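To start, the structure itself, in structure tokens.
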Amino acid sequence: MDTAASTAPEAAAPPAGGTAASVAPWWERWGDRLNPLVVKEVRQGLRTRIFWACFGLMLLACVVLSLIAYVEVREAAFARHGRTYFFSFFFCLGVVHFFVIPYNAYRSLAREREDETWVLLVLTGLGPRRILRGKVASYLVQAGLYASAVGPFLLFSYFLNGIALPNILVILALGAAWLVFLTVVGVCAATLADGRLGRAFIHFTLLAALATALVQGLVAAFVMSDEGDRLLRDDDFVYAAGISLLLMLTDGWLLFEAAAARLSLPTEDYTRGPRRALLVQVLLGMLGGVAVWWAEGRDHTASEIFGIMGALHLLAVGLFVATDADGQARPLRALTRPWSLLRPGALRGFRLVVLLLVAWGVWFVGLEVLSADMPLRGESMRMATVATPTYGILFLSVAVLLGRMGRSDRLSSPAAVRLLFVASAGLAAALPPLAAVLMELEGDDGLMNLLNPVVGIVNFGSYDYSTSGSKMTWALLGFVVGVAALAAFAADRVLAERENRAHAS
């Protein structure tokens, strides 16, 4: 008896050199090892009233809908109600996934910054990227709990006839990607403003954006559930769904890296993540364009759409990359070389964006040249494919020159340069047509709108059937390319001078 009693405490005690955590359940140990913030946020989220209110209302709505469906099926045994009830169940899930979850993710990080508890999180040694990853992952886990509750009802709609299983899987896959993207948008929005007025503006803007995203997601789900059988056999829809999925995933990654960069210290290599994500996105876009172009029998239309629309998307993203702060911290200067385009600094960001725009235009113009068919307006569309990134480089350079040629700190801030880009492009798009009308010329006159970023692209892509030729010429396009090259060179020299001056001070 005494021996058994004396050995019991030894068996219950942790092993020598170990801790109490070493005998904890395996899921707790792995959860803390992967990201302890996920466990903390999930536990905290499951204790909130909003989680249980949304969960209970969603589950109650699904139960009521299933009872109504059961009654209708009994009255009409051969009815096809699957599409209607699938969308009804998905509507209940979409309200939570496309609005509640992203908004709660935004409020979680915004509350950390408003209450000044963000410093305590940073002191844990996790770093901004792991903290943001934990925030996003915790709310995706909560979204998984909601989906697990609605999942049986969505499967129940399949047995009501009228909707195919592949259609259900496609809608759920795109909906999951939309959820991830909106959650990252919510987290990224919480890092944008520091002052009270800016936070209020971001708050209401995000609410409007999430409401719009909710409507878009539900409308897309309704269309796919109602026309799913026909859409899945349409190649254009398959391409559009694939491109949308790629954009949601890559743009979500880019936004996540941008949010982590905003929360990093100036002494860190904070731009490597966002610029690397941009490079990967451009490479995937090029490969995707080649794949669609080849699958369509080397059709020129695929290269034209990718070349023009992709350049506009690249310009919208590159605007934020090229307007970084001047210079870089002293610890980063020693390892920075002229080809170190992923390192901080507006000079390297501007060079990276210009090179990507040039590579994008050359790539898809090459595909247009190699296309199997060459329609009458093929030459015009090649000029439009070249003109789109050219105008982007031109007005990006103009914004940099206007903002950073002088010594004003307010005018040279990243936000001011972005506003100058919008203002200069807007004036160049609005004033030439007005001047042409006052001079009693056509509003889309080619020479008057030669530097117009909107009408100019349209003119270069237009085909004049009366003359059986393009409305514009390669000589005019060469003039625009020359002006853009000179502006880019001047902006590069201005940024180099500002960086040297910043390092010297």
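The values are calculated or read from the model by the stated rules, or taken from the named source; none is laboratory data. All figures in this text were calculated on a predicted structure; none of them were measured in a lab. So basically every Cβ, Gly included, is an ideal-geometry build from the backbone, and we count neighbours across all protein chains shown. Accessible surface is based on the protein model in full, side chains and every heavy atom, while ligands, DNA and RNA are left aside. Shrake-Rupley method; radii C 1.70, N 1.55, O 1.52, S 1.80 Å.
Under a model in which nothing but the beta-carbon of Lys, Arg (+1) and Asp, Glu (-1) is charged, the chain shows a dipole of about 1620 debye around its Cα centre.
In order along segment 149-160, phi translates into HN-Hα couplings of 6, 8, x, x, 6, 4, 5, 4, 5, 5, 7, 8 Hz, rounded to whole numbers, per the Karplus curve 6.51 cos²θ - 1.76 cosθ + 1.60 with θ = phi - 60° and x for Gly and Pro.
Decide, for segment 175-304, between rounded, prolate and oblate: order the square roots of the alpha carbon gyration tensor eigenvalues as a ≥ b ≥ c, take rounded if a/c falls under 1.5, and otherwise choose prolate if a/b is larger than b/c, else oblate.
oblate
Applying the Karplus relation 6.51 cos²θ - 1.76 cosθ + 1.60 with θ = phi - 60° to segment 97-103 yields 3J(HN,Hα) values of 5, 9, 9, 5, 4, x, 5 Hz, where x marks Gly and Pro. Fully extending the segment from F55 to E440, taken as 0.36 nm per residue of separation minus the present Cα-Cα distance, adds 132.2 nm. Approximating the spin labels as points 7 Å out from Cα along Cα→Cβ, the Q216-to-L246 distance works out to 1.8 nm. Of the peptides 420-432, 234-246, the ranking by mean beta-carbon count within 10 Å, highest at the top, reads 420-432, 234-246.
Under a 5 Å amide H cut-off, with hydrogens placed 1.01 Å from N, L411 pairs with nothing among residues at least 5 apart or on other chains. Could you tell me the calculated FRET efficiency between F479 and R74, based on Cβ-Cβ distance and R0 = 60 angstrom, to the nearest 0.05? That gives a FRET efficiency of 0.20. In terms of accessible area, using a 1.4 Å probe and ignoring ligands and nucleic acids, W474, W293 rank largest first as W474, W293.
Which order do the peptides 274-286, 437-449, 154-166 take when ranked by the mean count of other beta-carbon atoms within 10 Å per residue, highest first? Each step should come with its number before you reach the end.
On the way: 274-286: 18.7, 437-449: 14.2, 154-166: 16.4.
Final packing ranking: 274-286, 154-166, 437-449.
The Cα center of segment 245-263 and the Cα center of segment 375-439 differ in position by 26 Å. Estimated purely from DSSP H runs of n ≥ 4, each contributing -39500 (n - 2.57), the mean residue ellipticity at 222 nm for the chain is -25500 deg cm²/dmol once divided by its residues. Helix 196-226 and the longest principal axis of the Cα set of the chain meet at an angle near 90°.
Compared with the dominant Cα axis of the chain, that is its longest principal axis, helix 165-189 is turned about 80°.
For segment 303-407, the list of chymotrypsin sites (Phe, Trp or Tyr not before Pro) that fall in a loop by DSSP and count at most 15 other C-beta atoms within 10 angstrom reads W339.
Which order do the peptides 180-190, 203-213 come out in when sorted by mean C-beta neighbours inside 10 angstrom, highest first?
180-190, 203-213
Extension gain for S148-L411 works out to 89.6 nm (0.36 nm per residue, less the C-alpha to C-alpha distance).
Here the Kirkwood formula, the inverse mean of 1/r across different C-alpha pairs, assigns segment 329-388 a hydrodynamic radius of 14.0 Å.
Kindly identify the chain as rounded, prolate or oblate by the Cα gyration tensor criterion: order the square roots of the eigenvalues as a ≥ b ≥ c, call it rounded if a/c is under 1.5, otherwise compare a/b with b/c, prolate if a/b is larger, else oblate. It is oblate, given that a/c is not under 1.5 and a/b is not larger than b/c.
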